[in-house]
Amino acid sequence: MPRLVFHPEEVKVVSKRFGEGAANIDRYIELGGYEATKKCLAQGPEWIIEEMKTSSLRGRGGAGFPTGLKWSFVPKQSAKPKYVLVNGDESEPGTCKDHLIFLHDPHAVIEGTIIAGLAIGAKVGFIYLRGEYRYLLEIMEKAVADAYAKGFLGKKIFGSDTEFQIVTQTGAGAYEVGEESALMESLEGKRGVPRIKPPFPAVVGLYGGPTVINNAETIATVPHVIAMGAAAFAAIGSPRNGGTRLFSISGHVQRPGVYELPMGYNLKKMIYEVAGGIRGGRTLKAVVPGGSSTPVLLPEEIENLGMDFDQVGKAGSMLGSGGVVVIDDQTCIVEFALRTISFYQHESCGWCIPCREGTDWIKKSLTRFHAGYGVAKDIDNIQYLAENMMGRTFCPLGDAAAMPTLGFVKKFRKEFEDHLNGKPCPFAKHVELAVI
Amino acid sequence: MSPEQTSPDTMSIFSPALAARFDALVEKYPLRRSAVVPMLLYAQDEIGYLSDAVIAEIADRIGITELDVRNVASYYSMLRFKPAGKYNVQVCTNISCMLRGAYDLYERFQEELGIGHKGVTADGLFSLEEVECIGACCWAPAIQVNYEFHDELTADHVPGILASYRGRAKAEGKAPHA
């Protein structure tokens with residue numbers, strides 16, 4: 001069972017029902033659940049979208065797109081049915097927040113899905129969980145069945161004339177399916193390859209109908225925004241970055257865990273105070289701020305860094321999925337870079353050549369390099385390959401592989417050079433033999 | 001063959017429960033083929049892997065070609081075309097787990113089981129896989145045995161974990177292949 005952590009600096013909004021037994025629908029109602037949905041049902045779509053815009057809630061999946069704005073793009077009139085699609089394919093290495101949401105607060109996901117449906121005029125919502133999350137899917141399925149039994153879902157929700165249905169769906173192992181267009185392909189029973197954009201899903205999405213796709217954390221945040229009021233929610237965070245965020249802090253810290261902190265919270269404090277600092281009395285070497293696809297930051301870069309989309313972007317990285325991976329001074333960055341690119345090489349769907357070939361060549365090159373068979377020009381070559389993947393693919397997986405690679409090479413060039421001329425890696429014991 | 005013999009009802013390799021699950025699932029979507037991915041996984045859970053017969057039955061029930069089903073199935077990493085062990089041990093070695101000793105854990109599993117990546121023990125009880133991130137980064141290193149998570153592990157936990165599954169298999173009183 002995933003351990004829950006607590007820290008006095010936390011501001012519990014999305015996680016306030018964690019550990020409170022809220023997966024039980026009666027307990028959830030007792031804790032104030034489903035009031036937000038009733039309020040939205042009474043207020044209507046325009047009000048909901050305005051509230052979401054006021055809240056300055058931004059997508060928690062990684063891109064940070066303003067949720068209210070996304071919802072407002074869905075056309076009011078549509079010949080085809082509209083859909084809400086909840087992305088619970090949580091697969092970005094370093095990220096495990098949705099895991100806890102599904103485990104502890106499945107009804108918040110249901111409520112958020114209904115509210116999104118009310119806002120855009122959809123009658124059906126799909127909640128897609130990665131295949132590995134089977135026990136969480138079962139919790140979600142039970143929650144959905146309970147909501148149907150209470151009349152919160154169905155032809156006439158809460159006794160109104162409004163219909164809303166929810167369907168839960170399992171994936172079967174694929175990082176790429178976390179990309180919104182690939183997610184739609186998977187839900188339509190196909191290989192999870194991305195679609196070209198435009199058209200955007202808000203216009204032509206699932207089954208050709210206008211579709212809003214939100215990350216599970218974004219959706220679970222929605223009922224809290226409604227319940228506490230959009231202005232109050234926005235006031236917690238930093239400018240244009242409303243509310244709190246579930247930060248998954250992992251790696252070499254004393255107390256890893258999922259902590260809910262206000263947007264804009266200082267990264268250094270997050271590591272040293274909230275997560276208890278670097279374990280074993282070691283020192284910080286580097287930190288990946290927002291999941292494996294975000295460029296690495298050095299200790300001096302996090303001194304005054306507030307963790308919101310704008311500030312981390314300005315620092316040359318991304319807030320991404322909020323997965324903070326902390327790396328100590330006993331870690332080989334070349335090995336870390338190799339493990340990162342190996343993941344993207346494995347997960348590239350092969351649809352776009354720069355990503356399919358680029359990830360493979362960088363992996364081969366780094367494997368050889370880490371094993372001590374690298375030559376000086378490999379360093380530039382790795383950088384060249386990564387630069388040529390950027391922006392040349394249908395979906396962001398190519399960029400997600402290239403960006404961290406560029407970060408490692410640029411910021412730790414000396415460590416790459418130290419691996420040259422047959423010198424063994426000073427840190428790692430897991431040296432693979434060259435594959436080419 | 002007469003049409004009666006080829007209908008899914010008489011030729012089905014799905015259990016009645018799995019067939020009922022399929023029938024309920026397929027009604028939920030605007031398009032039948034949306035059931036392909038979940039059905040492949042649920043059928044694999046029951047039968048152990050995606051045999052030719054499973055592919056054929058899913059194709060038939062959905063109304064698409066077997067080639068189309070294979071094309072979809074080959075994309076997803078959890079789906080397999082060969083049997084795995086009764087207990088499939090999946091060790092995450094991605095970054096967060098790697099930083100906290102996942103490779104020591106993985107090596108210990110290899111030693112204890114005497115198999116490598118995607119290997120199956122001779123008795124068919126265990127198989128081993130090195131897998132990508134399983135979404136347990138804050139409780140690293142973590143593994144999944146079939147769908148069960150085990151987290152915050154060290155290599156010393158390995159014999160105990162394997163013993164508990166051996167015990168479970170014994171308690172079920174079935175041969176691993178049954």
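Specify the angular offset, from 0 to 90 degrees and rounded to the nearest 10, of the alpha carbon long axis of helix B:52-62 from the longest principal axis of the alpha carbons in chain B.
50
Over all distinct Cα pairs, what is the inverse of the mean 1/r for the stretch A:333-417, reported as the Kirkwood hydrodynamic radius in Å?
Mean inverse Cα-Cα distance, inverted, gives 12.3 Å.
Rounded to two decimals, what ratio of Rg to Rh does the stretch B:87-172 give with C-alpha atoms and a Kirkwood Rh? Before the final figure, lay out each step's value.
Numbers: Rg = 11.9 Å, Rh = 12.6 Å.
Ratio of gyration radius to Kirkwood radius: 0.95.
Just checking the output field for A:159-172: average partner chain Cβ neighbours within 10 Å of each residue's Cβ?
On the way: counts 0, 0, 0, 0, 0, 0, 1, 1, 4, 2, 7, 6, 6, 14.
If you average over the peptide's residues, the count of other-chain Cβ atoms is 3.
Out of every Cα-Cα pair in the stretch A:149-222, what percent are more than 21 Å apart? Don't skip to the answer; put the middle values down first.
Numbers: 1066 of 2701 pairs.
Summing the P(r) tail past 21 Å for the stretch A:149-222 gives 39 percent.
Could you state the orientation-averaged shadow area of the convex hull built on the Cα atoms of the stretch A:1-155, in nm² to one decimal?
Details: hull surface 41.1 nm².
In nm², the orientation-averaged hull projection of the stretch A:1-155 is 10.3.
Only bridges with both residues in the stretch B:87-172 count here: give the DSSP antiparallel percent, nearest 5. Don't skip to the end; give the middle numbers.
Numbers: 7 of 13 bridges.
The antiparallel fraction comes to roughly 55 percent.
Show that you can apply the helix-only estimate: for chain A, add -39,500 (n - 2.57) for every DSSP H stretch of four or more residues, divide by all residues, and state [θ] at 222 nm to the nearest 500. The partial results should precede the final answer.
Numbers: 16 runs with 170 residues, N = 436.
Computed mean residue ellipticity for chain A: -11500 deg cm²/dmol.
With 20 Å as the limit, write out which pairs from A:LYS70/A:LYS123; A:LYS70/A:LYS155; A:LYS70/A:LYS156 have Cα-Cα distances beyond it, or answer none.
On the way: A:LYS70/A:LYS123 18 Å; A:LYS70/A:LYS155 26 Å; A:LYS70/A:LYS156 26 Å.
Checking Cα-Cα distances, A:LYS70/A:LYS155; A:LYS70/A:LYS156 exceed 20 Å.
Please get the size of the charge dipole for chain A, origin at its Cα centre, with Cβ charges of +1 on Lys and Arg and -1 on Asp and Glu, quoted in debye to the nearest 20. Present the calculation step by step, with values, prior to reporting the outcome.
On the way: 48 positive and 48 negative charges, 60 e Å.
Taking the Cα centre of chain A as origin, the dipole is about 300 debye.
Given a Förster radius of 56 Å and the C-beta distance between A:ALA232 and A:TYR384 as r, what FRET efficiency does 1/(1 + (r/R0)^6) yield to the nearest 0.05?
Values: r = 49 Å, r/R0 = 0.88.
Computed FRET efficiency for A:ALA232 and A:TYR384: 0.70.
Output needed for chain B: three equivalent-ellipsoid semi-axes, defined as square roots of 5 times the C-alpha gyration tensor eigenvalues, in descending order, whole Å. Numbers along the way, then the final one.
Details: eigenvalues 239, 71, 36 Å².
Calculated on Cα positions only, the semi-axes equal 35, 19, 13 Å.
How far is the Cα center of the stretch A:309-375 from the Cα center of the stretch B:118-157, in Å?
Between the Cα centre of the stretch A:309-375 and that of the stretch B:118-157, the gap is 23 Å.
Return the average number of partner chain Cβ atoms within 10 angstrom of each residue Cβ along peptide B:90-103. It would help to have the intermediate numbers written out before the result.
Numbers: counts 2, 0, 2, 4, 10, 16, 16, 4, 9, 14, 5, 0, 2, 5.
Rounded to a whole number, the mean comes out at 6.
Could you state the per residue volume, in Å³, of the convex hull enclosing the Cα atoms of the stretch A:244-328?
Numbers: hull volume 6.0 nm³, N = 85.
Dividing the Cα hull volume of the stretch A:244-328 by its residues yields 70 Å³.
Before anything else, pin down the relative contact order of chain A: Cα pairs under 8 Å, at least 6 apart, normalised by residue count, whole percent.
Working: 915 pairs, mean separation 72.0, N = 436.
It comes to 17 percent, rounded to a whole number.
Relative to the compact-globule scaling 2.2 N^0.38 Å, provide the ratio for the alpha-carbon radius of gyration of the stretch A:261-380.
That works out to 1.19 for the stretch A:261-380.
Obtain the radius of gyration and the Kirkwood radius of the stretch A:128-177 from its C-alpha atoms and give Rg over Rh. Could the numbers behind the result be given before it?
Numbers: Rg = 13.4 Å, Rh = 12.0 Å.
My calculation of the ratio gives 1.12.
Rounded if a/c is under 1.5, else prolate if a/b beats b/c, else oblate: with a ≥ b ≥ c from the C-alpha gyration tensor eigenvalues square-rooted, which is the stretch A:99-227? Please report the intermediate quantities before stating the final value.
Values: a/c = 1.79, a/b = 1.26, b/c = 1.42.
Here the stretch A:99-227 falls in the oblate category.
Which of rounded, prolate or oblate describes the stretch B:3-73 when judged by the alpha-carbon gyration tensor and an a/c cut-off of 1.5? Walk me through the intermediate numbers first.
Working: a/c = 1.17, a/b = 1.10, b/c = 1.06.
Rounded, since a/c falls under 1.5.
Going by how many other beta carbons lie within 10 Å of each one, how would you line up B:SER127, B:SER164, A:SER250, fewest first? Working shown, then result.
Details: B:SER127 22, B:SER164 13, A:SER250 29.
By the 10 Å Cβ count, ascending, the order reads B:SER164, B:SER127, A:SER250.
So how compact is the protein assembly as shown: Cα radius of gyration and Dmax in angstrom?
Here Rg and the maximum Cα pair distance are 24.0, 76 Å.
Pairs A:LYS314/A:LYS414; A:LYS97/A:LYS190; A:LYS285/A:LYS410: which are spaced more than 22 Å apart, C-alpha to C-alpha? All intermediate terms of the calculation are to be shown ahead of the outcome.
Numbers: A:LYS314/A:LYS414 25 Å; A:LYS97/A:LYS190 27 Å; A:LYS285/A:LYS410 15 Å.
Check vs 22 Å cut-off fails for A:LYS314/A:LYS414; A:LYS97/A:LYS190.
Might you report the magnitude of the Cβ-based charge dipole of the stretch A:312-366 about its Cα centre, with Lys and Arg at +1 and Asp and Glu at -1, to the nearest 20 debye?
On the way: 5 positive and 6 negative charges, 36 e Å.
So the dipole magnitude of the stretch A:312-366 works out to roughly 180 debye.
I want the antiparallel fraction of DSSP beta bridges within the protein assembly as shown, as a percent rounded to 5.
Working: 24 of 51 bridges.
Around 45 percent antiparallel, to the nearest 5.
With a cut-off of at most 15 other beta carbons within 10 Å, and DSSP calling the residue loop, which GluC sites (Glu not before Pro) in the stretch A:258-312 qualify? Please list them. Mind dumping the intermediate values first?
Numbers: sites: A:GLU260, A:GLU273, A:GLU300, A:GLU301, A:GLU303; in loops: A:GLU303.
Hits after loop and neighbour filter: A:GLU303.
For A:ASP26, A:ASP378, A:ASP161, what ranking results if the residue with the fewest other Cβ atoms within 10 Å of its Cβ goes first?
Working: A:ASP26 12, A:ASP378 17, A:ASP161 7.
In increasing order of surrounding Cβ atoms, one gets A:ASP161, A:ASP26, A:ASP378.
For A:VAL144, A:VAL193, what ranking results if the residue with the fewest other Cβ atoms within 10 Å of its Cβ goes first? Write down the numbers at each step before the final one.
Values: A:VAL144 23, A:VAL193 19.
Ranking A:VAL144, A:VAL193 by Cβ neighbours within 10 Å, fewest first, gives A:VAL193, A:VAL144.
FYI, it's all coordinate maths here, none of it is from the lab. The structure presented is a predicted model; accordingly, all values stated were derived computationally and were not measured. Positions of Cβ are generated from backbone atoms using ideal geometry, with glycine treated the same way; all protein chains shown enter the neighbour counts.
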